[in-house]
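The block underneath contains the structure these notes are about, expressed in structure tokens.
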Amino acid sequence: VFVTGVSALIVYITLDRVVFGALEEYGFGLARVVELKKSFTFSFALISVFLIVAFGLASVVVFQKIVGPLFVMEKAAKAIAAGDLTQEVHLRKTDDLKDFFIEFNAMQQGLRSLVQKDREVLRGITVRIEQLNHEVQPEKIQGELKQILAELADVTARYKL
């Protein structure tokens, strides 16, 4: 938007000096040149304002379609990094970068699946250790088995599935 305004100003100054200077040199009366200059200045200002507003609105639309979804992605990525594997990114129909977000959701689903499989393995190990704990009597082995059980329970506990 700033560049559009500066460009319009450069074009105006150039036209003012070149065109209106030439009109004075070729015998147009000063009054006629001043009248043309006023008319041109008003028209040019009106067109410049319209273009600046149009480019400003277009910038807002582009910002919403690209930067807005990136903020959503950042929030989801932080939640996943903190262990919340329930986060998915849902976009509006008009948002850009859809392929990227589809891949992000696929990554999150894959990670969730891996952690679920690990939890299933840990549950099986836990059941077997509990069975051994009931069968084995020496307290030292039972204490170690309880410590192993506590460590196994903590392996993926920080993830939300």
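Just so you know, all these numbers are worked out from the coordinates, no wet-lab data involved. As the structure is a computational prediction, the values presented were derived from the model and not from experiment. Using ideal geometry, Cβ is built from the backbone for each residue, glycine included, and neighbour counts are taken over all protein chains shown.
Quick look at the numbers
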read-out	value
Residues located in the stretch 71-90, provided they are surrounded by 13 or more Cβ atoms within 10 Å (Cβ to Cβ) and either under 10 Å from the mean Cα position of the chain (by Cα) or part of a helix (DSSP H, G or I) (or both)	72, 73, 76, 77, 79, 80
Unique match (being under 29 Å from residue 161 (Cα atoms) and among the charged types (D, E, K, R)) among 65, 78, 37	78
In the stretch 101-129, the residues that are farther than 30 Å from residue 148 by Cα and in contact (Cβ under 8 Å) with a residue 12 or more places away in the chain	101, 104, 105
